[in-house]
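Q: One structure, pasted below without further comment.
The values are calculated or read from the model by the stated rules, or taken from the named source; none is laboratory data. Fair warning: this is a prediction, and the values are worked out from it, not measured in the lab. Cβ atoms come from the backbone with ideal geometry, glycine included; neighbour counts cover every protein chain shown. Accessible surface is based on the protein model in full, side chains and every heavy atom, while ligands, DNA and RNA are left aside. Shrake-Rupley method; radii C 1.70, N 1.55, O 1.52, S 1.80 Å.
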Amino acid sequence: MALTLYHVEWCPDCAVVRDRLEELNLTYEGIIVPDFRPMRKLVHEVSGQYYVPVLKDGDTILTETHDILAHLDTHYAKADS
């Protein structure tokens, strides 16, 4: 399943999500969106709101950092052996 992260470079929450994706060695498409929220038309089309980060995982759309991290850990983190 393809992961797509809508984000901005300077956003601390976006950085947390990017770091977690990297820690899990997940391949994802990163789409940098405009800084000015009303210009984030693509984010709005995907999620119905203008805030980032937004993670699209197949048909699942996640818009809250906590929910994104929980989803990644639940679906992609390998159990410690």
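Q: Rounded to a whole number, what % of the accessible area of the range 1-70 do carbon and sulfur atoms account for, probe 1.4 Å?
A: It is 53 percent, rounded to a whole number.
Q: Keeping every protein chain present and rolling a 1.4 Å probe, give me the accessible area per residue for the chain in Å². Working shown, then result.
A: On the way: 5220 Å² over 81 residues.
Solvent-accessible surface per residue comes out at 64 Å².
Q: Just the ratio, please: alpha-carbon radius of gyration of the chain over 2.2 N^0.38 Å, N its number of residues.
A: Values: Rg = 12.3 Å, N = 81, 2.2 N^0.38 = 11.7 Å.
Scaled against compact globular proteins, the figure is 1.06.
Q: Exactly which trypsin sites (Lys or Arg not before Pro) in the range 17-81 are in a DSSP loop and have at most 13 other Cβ atoms within 10 Å?
A: Here the trypsin sites (Lys or Arg not before Pro) that fit, given the DSSP loop and packing criteria, are Lys78.
Q: Note down the magnitude of the dipole of the chain about its Cα centre, charges +1 on Lys and Arg C-beta and -1 on Asp and Glu C-beta and zero elsewhere, to the nearest 20 debye. Walk me through the numbers on the way to the answer.
A: Details: 7 positive and 14 negative charges, 54 e Å.
Using only the charged Cβ atoms, the result is roughly 260 debye.
Q: To continue, here is another question. Name all residues of the range 9-24 having a backbone nitrogen under 20 Å from the label point set 7 Å from the Cα of Tyr50 along its Cα→Cβ direction, giving them as ranges.
A: It comes to 9-14, nothing else.
Q: Just flag the chymotrypsin sites (Phe, Trp or Tyr not before Pro) in the chain sitting in loop per DSSP whose Cβ has no more than 15 other Cβ atoms within 10 Å.
A: Listed in order of number, the matching sites are Trp10, Phe36.
Q: Same structure again: Rounded to the nearest 10 degrees, what's the angle between the helix 65-76 long axis and the longest principal axis of the chain, both from Cα atoms, 0 to 90?
A: The answer is roughly 40 degrees.
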